[in-house]
Amino acid sequence: MALLGSDRGAGLTLANTSAVGARASSGAERIASSRHADGRRTRRGLDVAPVGIGEARAGSAARCWSLLPRSQAPGNREAPLATNDEPVAVLGIGAMGHGMATSALRAGIPTIVWNRISEPTRDLASLGAHVAESAADAARRAAIVVTMVTDADAVVSIAGDQGMLAALPPNAIWVQMSTIGVAGIERVAAMVHDERPDVTLVDAPVSGSKEPAERGQLTIFASGPDDARGRVGALFDALGQRTIWVGAVGSGTRLKLVNNTWLAFTNEAVAASVALARRLGLRTETVVDALDGGPLVSPWQAAKLARIVQGDFTAQFALALALKDVHLALQAAGDDRFEVLARLADEWQHLVDEGLGNDDLTIVTRALERQGGGR
């Protein structure tokens, strides 16, 4: 399998992952699990220990279920070993691609890596990854290729200009995991249809940032042919705590846009509320203590509030990338249909223009405080 990635965060799933169960709805199929009397879940011989809001306030990115062998739960996750030995190539080793490659290696999957700049691949080589000289070289040696880059143009460039698509072996699988929007995945699907109809395309963007990627705790919004599921199952189990299959190619991308629109408004709620509190003379810590444990604050918001209190705006999900995803949602829906989302995009664009695009999207809090004269 080949992972093509770049330095970016992919957002965070806002739904509480304790909802993962053995249910399958008409819109999505969820991984099977069962619940112990003490509240833990089991999946394929693993204990799943919940991590609560207290830990989130200490700096966790989100509440999550830590998947561990029963003999080790709770504790750091040890990934289940892969059930097949098809080689995976990870091309583009940024924050997300690096974490995903690490998770694949931890699961025992033969992993090939490539990046335009070789430096990020060095520690992966020490973990057992094979470092390819080019994207085409990586693809040629892989049965499954995963692309994880910044935008659709980068995906198309790797596939076409750098020869990845042409180099894939017959009957290979291309798992496109970048957030590239509806128009982007349609471009990719057209390339595969026209140039390599023997290659299976799986549209599977992810929700999660650097830390979940490193821990194998991403959420995967997968879509594509049913017969591809068995071949990508071991990889998805290594990369994610949850995989949701949602239909034909393009459906995963659409669900990701919905997820990140939810995230955008959730972030705006945190930023505006903290800025208002400061404007009214309240300390952020007072707001956090008042809301802690209540139904209004999600684990993701609790983690972000803890970082805001600490003044930590280093990027888990950069504002510029979050803005890109908002623009993709507006483009897919029609720019004139969601005025509030368009206004949010305008606000964020102003901050990016001020040079704040590489900070975490919670930097919006600081900007609103300045506008409101916060102390």
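The table that follows gives values for the structure above.
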{"quantity": "Long-range neighbours under 7 Å by Cβ, at least six apart or interchain, first residue farther than 13 Å from Asp227 by Cα and in the same structural domain as Gly160 (by TED's automatic domain parsing) within the range 193-204, second in a loop (DSSP other than H, G, I, E, B) and of a type in the set (Gly, Ala, Ser)", "calculated": "Asp203/Gly224; Asp203/Gly250"}
{"quantity": "Of all residues making up the range 265-295, the number that are within 23 Å of Trp348 (Cβ to Cβ) and of a type outside the set (Ser, Thr, Tyr)", "calculated": "14"}
{"quantity": "Residue in the range 236-251 that is farthest from the chain's Cα centre (by Cα), counting only those that are part of a helix (DSSP H, G or I) and touching a residue at least 40 places away in the same chain (Cβ under 8 Å)", "calculated": "Ser251"}
{"quantity": "Lone qualifier among Asp336, Asp359, Asp325 - being modelled with pLDDT under 95 and not hydroxyl-bearing (Ser, Thr, Tyr)", "calculated": "Asp336"}
{"quantity": "Residue that is surrounded by fewer than 20 Cβ atoms within 10 Å (Cβ to Cβ), in contact (Cβ under 8 Å) with a residue 40 or more places away in the chain and either within 16 Å of Ala272 (Cα to Cα) or among the aliphatic types (A, V, I, L, M) (or both), where the choices are Leu296, Leu341, Leu319", "calculated": "Leu341"}
{"quantity": "Filtered residues of the range 161-202 (kept if in a loop (DSSP other than H, G, I, E, B) and either among the small types (Gly, Ala, Ser) or surrounded by fewer than 24 Cβ atoms within 10 Å (Cβ to Cβ) (or both))", "calculated": "Asp161, Gln162, Gly163, Pro169, Pro170, Asn171, Ala172, Ser178, Arg196, Pro197, Asp198, Val199"}
{"quantity": "Matching residues in the range 321-359 - criterion: being in a helix (DSSP H, G or I) and among the polar types (S, T, N, Q)", "calculated": "Gln331, Gln349"}
{"quantity": "Matching residues, the range 258-293, being hydroxyl-bearing (Ser, Thr, Tyr) and free of Cβ contacts under 8 Å to residues at least 12 places away in the same chain", "calculated": "Thr286"}
{"quantity": "Selection within the range 221-254 - buried (at least 19 other Cβ atoms within 10 Å of the Cβ) and among the basic types (Lys, Arg)", "calculated": "Arg231, Arg242, Arg254"}
{"quantity": "Near pairs, Cβ below 9 angstrom, 6+ apart or cross-chain, from the range 123-141 (farther than 27 Å from Pro170 by Cβ) to any residue that is part of a helix (DSSP H, G or I) and polar (S, T, N, Q)", "calculated": "Asp123/Thr102; Leu124/Thr102; Leu127/Thr102"}
{"quantity": "Identity of the residue in the range 259-279, of a type in the set (A, V, I, L, M) and within 16 Å of Arg370 (Cβ to Cβ), that ends up surrounded by the most Cβ atoms within 10 Å (Cβ to Cβ)", "calculated": "Val274"}
{"quantity": "Among the residues listed as Pro205, Pro212, the single one being at pLDDT 95 or above and either crowded, with 24+ Cβ neighbours inside 10 Å or farther than 21 Å from Trp114 by Cβ (or both)", "calculated": "Pro205"}
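Condition check ((1) touching a Leu at 6+ places or on another chain (Cβ under 7 Å); (2) not in a loop (DSSP other than H, G, I, E, B)) across all residues:
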| site | (1), (2) |
| --- | --- |
| Arg254 | no, yes |
| Ala264 | yes, yes |
| Asn267 | yes, yes |
| Ala271 | yes, yes |
| Arg278 | no, yes |
| Leu282 | no, no |
| Glu285 | no, yes |
| Ala303 | no, yes |
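The values are calculated or read from the model by the stated rules, or taken from the named source; none is laboratory data. As the structure is a prediction and not an experimental result, all values here were calculated from the model. Methodologically, a virtual Cβ is constructed for each residue, glycine included, from the backbone with ideal geometry; neighbour enumeration extends over all protein chains shown.
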